[in-house]
Amino acid sequence: MKYITNNYLETVACGQKLGQLLQPQDLILLDGDLGAGKTTLTQGIARGLDITRPVKSPTFTLIREYQTGRIPLYHMDMYRLENSSADELGLNEYFNGDGVVIIEWSQFIAEQLPSTYLRIKITRQTALQRQLEFQALGQHYQHLLNSLFQDFDKK
C-alpha cells in the first residue's frame, strides 16, 4: 500500500493518524535514505501517542525514550551499528515491553527482529513530496493498515 504526502505537515499528519492506532508492543520499521523523512514521520506518530516533548533523531544516542504519552515510544536508529552488534541494547525487552518501538535502519539488526511488524519505506519524490510504502507482516499489522487506509479515504 502506498500513500503520497505533499509536504512536511502532511507527513506529520500521516504519522499522527498511525500513532492514534498503535498499541503497546507495536513495531514500526522505517526505511529510507538520509533526509527522507523518517524522523518527521516519527514526530507525527509521537503526536498520535499524545507525546508533547520534541522528538529528535536518535542517530547519535541510538535510542530515545519518550514516556509521557498515552503509550511510551522507543525511537531507535541502528545506522551506527552497521559494523557492530546490537546485542547489548536489550532489544527483546523493548519488543516485549509496554511501548511502541520505531526502528530506523533496521537492516543492520535484521536477524534480531521479531517475525511481525509494519515496515514503511519513505522515498523522496520531490523536495517536499514523499511516497510512503507500507508493508504489513502479520495479521495484526494488516488490520492496522486497513484501519489507517480507511482513515485516509475519509479525507
Free of Cβ contacts under 8 Å to residues at least 40 places away in the same chain, closer than 18 Å to H143 by Cα and within 11 Å of the chain's Cα centre (by Cα): which single residue out of G15, G48, G44 fits that description? G15
Of the residues in segment 52-78, those that are within 21 Å of Q135 (Cα to Cα) and either modelled with pLDDT under 95 or in contact with a Ser or Thr (Cβ under 9 Å, 6 or more places away or on another chain) (or both) come to L73, H75, M76, D77, M78
Any hit, segment 130-144, residues being in a loop (DSSP other than H, G, I, E, B) and surrounded by 14 or more Cβ atoms within 10 Å (Cβ to Cβ): yes
Just checking, how many residues over segment 101-129 are more than 23 Å from Q20 (Cβ to Cβ), modelled with pLDDT of 95 or more and open to solvent by less than 40 Å² (accessible area, probe 1.4 Å)? 0
Within segment 18-38, identify whether any single residue is under 12 Å from the mean Cα position of the chain (by Cα), more than 22 Å from F95 (Cβ to Cβ) and modelled with pLDDT of 95 or more, and answer yes or no. no
Where residues in segment 1-45 are in a loop (DSSP other than H, G, I, E, B) and among the acidic types (D, E), which of them is most open to solvent (accessible area, probe 1.4 Å)? D33
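The values are calculated or read from the model by the stated rules, or taken from the named source; none is laboratory data. No experiment lies behind these values; they were computed from the predicted model shown. When we count neighbours, we look across all protein chains shown, and the Cβ atoms used for this are built from the backbone with ideal geometry, even at glycine. The accessibility values were calculated without ligands, DNA or RNA, using every heavy atom of the protein model including side chains. Shrake-Rupley method; radii C 1.70, N 1.55, O 1.52, S 1.80 Å.
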